[in-house]
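First up is the structure itself, then whatever we jot down about it.
The values are calculated or read from the model by the stated rules, or taken from the named source; none is laboratory data. Keep in mind that what you see is a predicted model, and the values were worked out from it rather than measured. All Cβ positions, even for glycine, are placed from backbone atoms using ideal geometry, and neighbour counts span all protein chains on display. When the accessible area is computed, the model is the full protein with side chains, heavy atoms only, and any ligands, DNA or RNA have been set aside. Shrake-Rupley method; radii C 1.70, N 1.55, O 1.52, S 1.80 Å.
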Amino acid sequence: MTHIHDRAPDCTGYSEKLLAAYAAGKLSSTETWSIEAHVMACATCRSDLSAHVDAERLTRNRSALLVRLATGEAGLARRLLRRCRIPDYLVTLLAATPSLRRSWLLSVAGVLAVVTGEAALVRYDVTSSVPGGYIGQDFLVPFVLLAPLLPLAGVAAAFIPLFDPAYRLAIAAPFSSLTLLLARAVSALTAAMIPVACAAFLLPGPGWLPAAFLLPSLAVCAIALAAGTVISPLAAAIGAGTLWALPVLLLTVSHLPLTIVGWRGQAICAAAMLAAVAVLLVRRDRFEFGWMR
Amino acid sequence: MTVSARTMAATVTVTGLSRSYGTTRALQDVDLGFDRGITGLLGPNGAGKTTLLSVLATVAEPDAGQVSVFGLNPRIKAERVAVRRRLGYLPQELGYHRHFTVAGFLDYMAILKEISDRHLRADEVTRVLTVTGLERLAGKRIRTLSGGMRQRLGIAQALLGSPDLLILDEPTAGLDPEQRLRFRELLSDLPGNPVIVLSTHQADDISAICPRVVVLLHGQVCFTGTPAELATTAAGRVWAASKRDESVYLSWRGGDGLWRNIGDQRPAGAQAVTPTVEDGYLLLSHAAGAR
């Protein structure tokens, strides 16, 4: 057993001046390594050295180290965002977005998998029972309905206060609410559009289907954000979702749900998106929450 | 000094402040001034303390009245942001991102307080963790913390950036006696002599750390002054007796086994005792309730 005052066999001791310089970090790297190698084995010199260590500085350094370790933690979303060269501070802010969390993204992927799988099964059954192999578009209805609504849900979760437990703290902070909102909305939209496009690619539909939902999704999200400057964010999201769902369901009656993402539908979505963006720009101050009813 | 004279000279002022929620009037024509140092807000639940603090923290807009924070008007957007740059705020119901670690949450809050440099943030987070005694918990998930620890974390985030105006809504709620003592010490030792406004139900918090106290009742200011002045309002009306007296306004048994009675008439066999801040506050509450 090593006693605290045990001296290493080859120890001749260090001068007080040298130990003080080491403790203050003023020695060259060679001298530092030499002393460190020795004090690891010599309890007497460790004890002598401890008298020169600034305990407060040591505690401060330890805390700083703990903080660096705790804040440097990188989840899946953080690693992806950093890879996209998004500034570190923005990555931290986005990490608090519920719709960028793994559980949310897995839910989106799960819903799409079910809808896509069901569509594929229905199409297979119908095709095998219809002479000539022609089928309508009805099997795509659930996907057409959901494709823009999933990104909308992600964006809504990024700006509805209910989903941000630290909402009141964010209001009282000087960071721009609009910047925070837009950064979260764009990232949530992007994160949801990737699985939507993948699912559309796998679906047995027309070749342009994967790209067909980009504009409608942008339009629905922009409408929700713009409406959020007038009514409550939750009502705005529900309203925007209804604006999409109603025409889809009406077109389903005529067995042509894909019409809504055809060229006319795309043109209407583009116009609606531009109008919503204009409203958003004009009324952007309404997103600077706080000091309002 | 009168309220209006005090308001004129103060660093943070509210004048004619009113705010309603539906048909409930949370604040009614409130005039107050807050100087550098600690001001304690006392009042029962629903007295308007949280509403007043929300307005000072630029989180809620008043229906009527003026607010001035270091000469800035929060009604103007640029000035509101300027107020927020000098503000530390602990709301009564503090929400946390539960998946965050303690240091991660503070890092997040430091970004919202516009400390964008990563190294500066780490230093600032380290500082507030140290002053609130949470440095050993830096890597812990918030969901694993006790209520008292979370409250300390809330205080820590309010201290980020060394604010000039610190609004603390019931900061000692959930803290054990030792933590409360440490919190009082922490507030008293804050550098820069900020304006601190805190609300509490604990009269002993007021006596211990607040040079000034404001009593809010039914959305109105009922008292402003020092804790000693508040205690004095009950002078000659606090009595210790061996039994409860039905003729007094308030009566409760103390830790010494004696009944503490507050009333205008001396109960039979009772002795007059020196009033405390709590006595003064209870007497004011009773008077307001009787009106």
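One line per residue, one yes/no per condition, for (1) among the aliphatic types (A, V, I, L, M); (2) open to solvent by 50 Å² or more (accessible area, probe 1.4 Å); (3) farther than 25 Å from B:GLY43 by Cβ:
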position: B:GLU229; (1), (2), (3): no, yes, no
position: B:SER242; (1), (2), (3): no, yes, yes
position: B:ASP245; (1), (2), (3): no, no, yes
position: B:ARG253; (1), (2), (3): no, yes, no
position: B:ASP256; (1), (2), (3): no, yes, yes
position: B:ASP264; (1), (2), (3): no, yes, no
position: B:ALA270; (1), (2), (3): yes, no, yes
position: B:PRO275; (1), (2), (3): no, no, no
position: B:SER285; (1), (2), (3): no, no, no
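The requirement of being surrounded by fewer than 21 Cβ atoms within 10 Å (Cβ to Cβ) and in a loop (DSSP other than H, G, I, E, B) is fulfilled somewhere in the stretch B:58-67, by at least one residue. Here the condition is being open to solvent by 20 Å² or more (accessible area, probe 1.4 Å) and out of contact with any helix residue (DSSP H, G or I) (no Cβ under 9 Å at 6 or more places or on another chain); of B:SER146, B:SER188, B:SER162, it holds for B:SER146 alone. Close contacts from the stretch A:191-206, counting a first residue that is buried (at least 18 other Cβ atoms within 10 Å of the Cβ) and a second that is not in a helix (DSSP H, G or I), with Cβ to Cβ under 6 Å and a gap of 6+ residues or different chains, come to A:VAL196/A:PHE213. B:ALA103 meets all of the listed conditions (1) of a type outside the set (D, E, K, R); (2) within 11 Å of chain A (Cβ to nearest Cβ); (3) touching a Pro at 6+ places or on another chain (Cβ under 9 Å) but one, namely (3). Put simply, of B:GLU114, B:GLU178, B:GLU185 the only residue that is of a type outside the set (S, T, N, Q), out of contact with any Leu (no Cβ under 8 Å at 6 or more places or on another chain) and under 27 Å from B:GLY71 (Cβ atoms) is B:GLU114.
Show me the helices (runs of 4 or more DSSP H) entirely contained within the stretch A:1-87 in which 2 or more residues are at pLDDT below 70 and touching an Asp or Glu at 6+ places or on another chain (Cβ under 8 Å). Can you show your working first?
Details: elements: A:16-23, A:29-41, A:43-50, A:55-71, A:76-83.
In the stretch A:1-87, A:55-71 are the helices (runs of 4 or more DSSP H) which contain 2 or more residues that are at pLDDT below 70 and touching an Asp or Glu at 6+ places or on another chain (Cβ under 8 Å).
Which of the residues that make up the stretch B:169-191 are acidic (Asp, Glu), touching a residue at least 60 places away in the same chain (Cβ under 8 Å) and assigned to a loop (DSSP other than H, G, I, E, B)?
If we filter the stretch B:169-191 for residues that are acidic (Asp, Glu), which is where we start, we get B:169-170, B:176, B:178, B:185, B:189.
Next cut, touching a residue at least 60 places away in the same chain (Cβ under 8 Å) only: B:169-170.
Passing the criteria: only B:GLU170.
Per-residue answers, yes or no, for (1) crowded, with 24+ Cβ neighbours inside 10 Å; (2) modelled with pLDDT under 95; (3) within 30 Å of B:GLY280 (Cβ to Cβ); (4) touching a His at 6+ places or on another chain (Cβ under 6 Å):
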| site | (1), (2), (3), (4) |
| --- | --- |
| B:GLY37 | no, yes, yes, no |
| B:PRO44 | no, yes, yes, no |
| B:ARG75 | no, yes, no, no |
| B:TYR89 | yes, no, yes, no |
| B:GLY95 | no, yes, no, no |
| B:LEU112 | yes, yes, no, no |
| B:ARG118 | no, yes, no, no |
| B:ARG127 | no, yes, no, no |
| B:GLY133 | no, yes, no, no |
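Meeting the requirement of 1 or more residues that are free of Cβ contacts under 8 Å to residues at least 60 places away in the same chain, the strands (runs of 3 or more DSSP E) wholly within the stretch B:192-291 are B:220-225, B:238-241, B:250-253, B:259-262. Residue count for the stretch B:77-87 satisfying the condition of being crowded, with 23+ Cβ neighbours inside 10 Å and more than 7 Å from chain A (Cβ to nearest Cβ): 1.
Can you work out which of the residues in the stretch A:41-53 that are open to solvent by less than 80 Å² (accessible area, probe 1.4 Å) and farther than 19 Å from A:PRO9 by Cβ is farthest from the other protein chains (Cβ to nearest Cβ)?
Within the stretch A:41-53, the match that is farthest from the other protein chains (Cβ to nearest Cβ) is A:HIS52.
Per-residue answers, yes or no, for (1) modelled with pLDDT under 85; (2) closer than 20 Å to A:LEU81 by Cα; (3) away from every other protein chain (no Cβ under 11 Å):
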residue: A:LEU149; (1), (2), (3): no, no, yes
residue: A:PRO174; (1), (2), (3): no, no, no
residue: A:LEU182; (1), (2), (3): no, yes, yes
residue: A:ALA188; (1), (2), (3): no, yes, yes
residue: A:ALA211; (1), (2), (3): yes, no, yes
residue: A:CYS221; (1), (2), (3): no, no, yes
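Only residues that are more than 26 Å from the chain's Cα centre (by Cα) and open to solvent by 30 Å² or more (accessible area, probe 1.4 Å) were counted in the stretch A:226-269, giving 18.
So, in the stretch A:95-116, exactly how many residues are of a type in the set (Lys, Arg) and touching a Leu at 6+ places or on another chain (Cβ under 6 Å)?
So the answer is 1.
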